[in-house]
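K.L.:
Quick one: structure below, then a few questions.
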Amino acid sequence: MKLLEPFHLGDLNLKNRMVMAPLTRNRAPNTIPQDLMATYYRQRAGAGLIIAEATQIIPMGQGYPHTPGIHSEAQIAAWQKITDEVHKAGGLIFLQLWHVGRISHSSYHGGKAPVSASDVRYEGNIMYPDFSYKPSDESPRGLELEEIPGLIDDYRKAAQNAQNAGFDGIEIHAANGYLIEQFLRTGTNKRSDNYGDSLENRLRLLKEITEAALSVWDSKRVGVRLSPNIGEGSKADANPQETYSAAAELLSSYNLAFLHTVEANLGNSKASDLMRKAYTGTHLVTGGLTKESGEKLLEDGIADLAGYGKLFIANPDLAERFKQNADLNAWDSKSFFGGAEEGYTDYPSLKEAQALA
Ligand SMILES: Cc1cc2nc3c(=O)[nH]c(=O)nc-3n(C[C@H](O)[C@H](O)[C@H](O)COP(=O)(O)O)c2cc1C
């Protein structure tokens with residue numbers, strides 16, 4: 001089975017081609033990772049690579065309760081315990097660097113409006129600090145041109161902090177509607193300066209953040225996540241095929257660890273085919289994969305690495321289960337966001353399940 005074959009990612013030796021996708025779990029009280037998170041990630045060290053949950057680069061990058069940060073000494077020290085545990089268990093772990101942009105609320109920021117490419121309000125639900133989930137009642141503030149160099153430097157510092165915390169690399173979160181994507185897409189970027197209007201300008205923030213990360217890390221330790229979302233019904237960008245092909249071509253020039261495509265499961269979307277054509281390096285694809293469809297993706301050469309999200313939530317030893325063709329635990333979506341051990345560190349491993357039986 002290709003999924004279980006080792007893979008060389010630059011100088012890193014992945015023991016298999018299964019990647020644990022980044023998963024927000026809202027279990028970092030006051031944005032500081034807690035020891036329980038070390039248990040959770042250690043349990044999942046059988047993945048070829050773990051991409052740890054989205055982690056805000058600065059306080060303004062937060063838009064959900066109890067998500068971890070990577071901008072303070074206390075956060076760095078707490079993450080260090082987690083990376084140590086994963087390494088002791090033979091695993092590898094990248095950190096996903098996050099700025100939510102407009103998918104946030106002033107209640108996270110002492111009354112200050114969240115920031116974005118422009119003042120276009122998000123129409124979906126946002127999660128308030130009390131975990132309520134409802135539409136936003138305010139618009140974001142478009143970033144001033146003069147603020148952008150500082151933002152890029154915040155990404156550089158977060159990349160450095162991730163290195164100091166013992167991570168093996170980073171993934172830049174440029175997907176799922178968050179800040180970098182707000183700059184990429186015509187629906188949210190109404191700027192007329194160097195960061196908006198033309199395709200080249202909309203790509204500029206991604207380019208400069210990637211280059212900032214590369215000033216800290218070897219290129220093979222930096223991945224980028226994109227969600228092309230090219231299926232029907234996507235109105236967020238006037239021409240997603242063109243925008244995302246250009247993003248993938250731009251990223252091809254940096255010899256990165258990987259491009260991570262979010263396959264949106266929108267019928268025949270097939271964002272991964274488009275990205276495979278446009279991107280020349282290692283391709284990681286996530287989105288609704290099973291053992292069979294993940295294996296097929298690798299066999300067909302669409303991806304080099306297969307990402308699993310919910311299956312890794314419920315099956316800490318997912319690779320072992322695939323190997324033994326064992327039954328899978330079902331995930332409980334009620335415990336995805338927030339809480340403690342339940343639905344987090346208490347999913348049984350195969351050994352535990354067999355011992356119980
Ligand atoms: C509970 C939960 C939290 C998630 N958090 C993140 C995140 O922090 N960063 C991110 O890029 N995607 C996040 N996603 C998306 C997943 O990485 C993945 O793309 C998605 O779950 C589809 O893959 P799957 O079908 O294998 O679960 C999250 C998804 C879920 C279910």
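K.L.:
Computing the accessible area with a 1.4 Å probe over protein heavy atoms, can you report the carbon and sulfur percentage for the chain?
P.N.:
Of all accessible area on the chain, carbon and sulfur atoms account for 49 percent.
K.L.:
Averaged over every viewing direction, what's the projected area of the C-alpha convex hull for the stretch 1-77? Give it in nm², one decimal, please.
P.N.:
Details: hull surface 24.0 nm².
The number I arrive at for the stretch 1-77 is 6.0 nm².
K.L.:
Could you provide, to the nearest whole Å², the per residue accessible area of the stretch 173-227 with probe 1.4 Å?
P.N.:
Values: 1760 Å² over 55 residues.
Per residue, the stretch 173-227 has an accessible area of 32 Å².
K.L.:
While we're on this one: Taking a ≥ b ≥ c as the square roots of the eigenvalues of the Cα gyration tensor of the stretch 93-236, is the shape rounded (a/c under 1.5), prolate (a/b larger than b/c) or oblate?
P.N.:
Numbers: a/c = 1.56, a/b = 1.30, b/c = 1.20.
Note, shape of the stretch 93-236 comes out prolate.
K.L.:
Could you tell me which of L251, Q324, S293 has its Cα farthest along the dipole of the stretch 221-338 towards the positive end, charges placed at Cβ (Lys, Arg +1; Asp, Glu -1), taken about the Cα centre?
P.N.:
In the stretch 221-338, that residue is L251.
K.L.:
Can you give the accessible area per residue of the stretch 295-340, in Å², using a 1.4 Å probe?
P.N.:
Counting only protein heavy atoms, the per-residue value for the stretch 295-340 is 46 Å².
K.L.:
Which net charge results when you count Lys and Arg as +1 and Asp and Glu as -1 among the other residues whose beta-carbon is under 9 Å from that of K2? Walk me through the intermediate numbers first.
P.N.:
Values: positive: R17; negative: E5, E295, E299.
After counting each charged neighbour, the total is -2.
K.L.:
Next question. Give me the number: length gained by fully extending L199 to D346, i.e. 0.36 nm times residue separation minus the C-alpha to C-alpha distance, one decimal in nm.
P.N.:
Details: separation 147, 0.36 × 147 = 52.92 nm, distance 4.64 nm.
Fully extending the segment from L199 to D346 adds 48.3 nm.
K.L.:
Still on this structure: Percent relative contact order of the chain, based on C-alpha pairs within less than 8 angstrom and at least six residues apart?
P.N.:
Values: 780 pairs, mean separation 59.2, N = 357.
Averaging sequence separation for qualifying contacts and normalising by length gives 17 percent for the chain.
K.L.:
While we're on this one: Could you point to the residue in A213, A264, S106 farthest towards the positive end of the chain's charge dipole, with +1 and -1 charges on the Cβ of Lys/Arg and Asp/Glu respectively?
P.N.:
It is A264.
K.L.:
Continuing with this model, one more query. How long is the chain along each principal axis, judged by its Cα atoms, biggest number first, in Å?
P.N.:
62, 43, 37
K.L.:
Under 13 Å Cα to Cα from K310, which aspartates and glutamates show up? Leave out anything in the same chain fewer than 8 places away.
P.N.:
Output for K310: E53, D332.
K.L.:
Using a basic spin-label model with each label point 7 Å from the Cα along Cα→Cβ, how many nm lie between K323 and A353?
P.N.:
The two pseudo-label positions are separated by 1.6 nm.
K.L.:
Follow-up question, since we're still on this one. Using the Cα centre of the stretch 2-356 as the reference point, and only Cβ charges (+1 on K/R, -1 on D/E), how large is the resulting charge dipole? Debye, rounded to the nearest 20. Mind showing how you got there, number by number?
P.N.:
On the way: 36 positive and 45 negative charges, 56 e Å.
Its charge dipole is roughly 260 debye.
K.L.:
When ranked by the protection proxy of mean other Cβ atoms within 10 Å per residue, highest first, what sequence do the peptides 62-69, 298-305 form? Spell out each step's value before the answer.
P.N.:
On the way: 62-69: 23.6, 298-305: 18.1.
Ranking, from highest mean packing down: 62-69, 298-305.
K.L.:
I've got another one for you. Students often forget the sequence filter, so: which lysines lie under 18 Å Cα-Cα from K351 once same-chain residues fewer than 8 apart are removed?
P.N.:
Reachable lysines: K323.
K.L.:
Sorted from largest down, give the three principal axis spans of the alpha carbons of the stretch 280-357, whole angstrom values.
P.N.:
Principal extents (largest minus smallest coordinate, Cα): 43, 30, 16 Å.
K.L.:
What list of ³J(HN,Hα) values in whole Hz, one per residue of the stretch 159-165 in order, does the Karplus curve 6.51 cos²θ - 1.76 cosθ + 1.60 (θ = phi - 60°) give from phi, with Gly and Pro shown as x?
P.N.:
4, 5, 4, 5, 5, 4, 7
K.L.:
If you take the charge dipole of the chain about its Cα centre, with +1 on Lys and Arg Cβ and -1 on Asp and Glu Cβ, which of P29, P149, F7 is farthest toward its positive end?
P.N.:
Checking the options against the dipole of the chain, the answer is F7.
The values are calculated or read from the model by the stated rules, or taken from the named source; none is laboratory data. Everything quoted here is computed from the prediction, not taken from an experiment. A quick note on method: Cβ atoms are made from the backbone with ideal geometry, for glycine too, and the neighbour counts reach across all protein chains shown. SASA here: full protein model, heavy atoms, side chains in, ligands and nucleic acids out. Shrake-Rupley method; radii C 1.70, N 1.55, O 1.52, S 1.80 Å.
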